[in-house]
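A short write-up of the structure that comes next.
The values are calculated or read from the model by the stated rules, or taken from the named source; none is laboratory data. Computed from a predicted structure; not experimentally measured. Every residue, glycine as well, gets a Cβ built from its backbone with ideal geometry; the counts of neighbours run over all protein chains shown. For the accessible areas, the whole protein counts, side chains as well, though only heavy atoms, and no ligand, DNA or RNA atoms are used. Shrake-Rupley method; radii C 1.70, N 1.55, O 1.52, S 1.80 Å.
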Amino acid sequence: MPPHVEPNSGFPGLRLAFQAIVNVHTGQCFGHEALLRGWDGCQDQTATELLDLCHKAGRLLDLEIAIRTKVGEMAALLPAPAHGALFLNLDARSAVHLDVLLGEVQGALQTAFAHVVTEIAVLPAEAEALAYPAKIMRRGGGMVAVDRFGATPDSLTLLTGCNPDFIKIDQ
């Protein structure tokens, strides 16, 4: 197992990027999506492979918390206008720990951004849309987005079951 996934490693070298989210009607930047780009020294692995590796090692929740913590640290370096909405993907396998995850970091992120939006794209294995309790995702002013709408078989179920604030459409 690579050293960055070992227990108590803290995920050194975690690389993230911010992608602008633009309102198609106004052309204004509404916020940014935080994207996992990998770890230093692991250039050959995709973000999906890294998430899978952490899941297999029982460290996926730790990674989700580390990503959100790093985003909070990086937020201090962003210019003030960039502090609109923050969009963060949630791996479906972490949905069972949603309360713990948001409890760990949501408050810190909400002081740095006007809105914290949890993005969901697929249902956890053998689950219903209720696996993503909107009440928890909206705690403290959080918001919900269905990501990759139309690109996954779960899109309509998530749309009706989670009552999203945003729908992100993929080609």
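Bridgeable lysines around K135 (alpha carbons under 27 Å apart, same-chain partners fewer than 8 residues away excluded): K70, K168. Computed over protein heavy atoms with a 1.4 angstrom probe, the accessible surface ordering of T160, T48, T118, largest first, is T160, T48, T118.
Placing a label point 7 Å from the Cα of V100 along the Cα-to-Cβ direction, the residues of the stretch 60-75 with a backbone N closer than 18 Å are 60-69.
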